[in-house]
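For reference, the structure discussed in these notes is given below.
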Amino acid sequence: MTEDQHREAAAKLGRVWERIGFEPFQEGVHILDCHLQRPQDLLDERQEEFNALCRAWREHHRP
C-alpha cells in the first residue's frame, strides 16, 4: 500500500467513526464520550440505512 492509499483509507475510516459519534482527537485517533446516547442513536441510524440497502439489493437480484 502506498502512502497516498494509506492516507486515503485513514481519512475514509475517520469519516465512518465521525458518522457514529466519535470525535477526531489527533493523528487519526478518535474518542467517544461513553456517557452520551448520541453514538447509539447514530449507530442505529446507520444500521437502518444498511438494512434498507440490503433489502433493495435482494429485491433487485431476485431470480
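Would you point out which residue out of GLY28, GLY21, GLY14 is free of Cβ contacts under 8 Å to residues at least 40 places away in the same chain, surrounded by 11 or more Cβ atoms within 10 Å (Cβ to Cβ) and in contact with a Lys or Arg (Cβ under 7 Å, 6 or more places away or on another chain)?
GLY21
Tell me which residues, restricted to segment 16-42, are in contact with a Pro (Cβ under 9 Å, 6 or more places away or on another chain), part of a loop (DSSP other than H, G, I, E, B) and within 25 Å of HIS6 (Cβ to Cβ).
ILE20, GLY21, PHE22, LEU32
If only one of GLU8, GLU45 is assigned to a helix (DSSP H, G or I), open to solvent by less than 90 Å² (accessible area, probe 1.4 Å), modelled with pLDDT of 80 or more and not basic (Lys, Arg), which one is it?
Only one candidate passes the filter, namely GLU45.
The values are calculated or read from the model by the stated rules, or taken from the named source; none is laboratory data. From a predicted model like this one, the values you see are computed outputs, not experimental measurements. Backbone-built Cβ (ideal geometry, glycine too); neighbour counts: all protein chains shown. When the accessible area is computed, the model is the full protein with side chains, heavy atoms only, and any ligands, DNA or RNA have been set aside. Shrake-Rupley method; radii C 1.70, N 1.55, O 1.52, S 1.80 Å.
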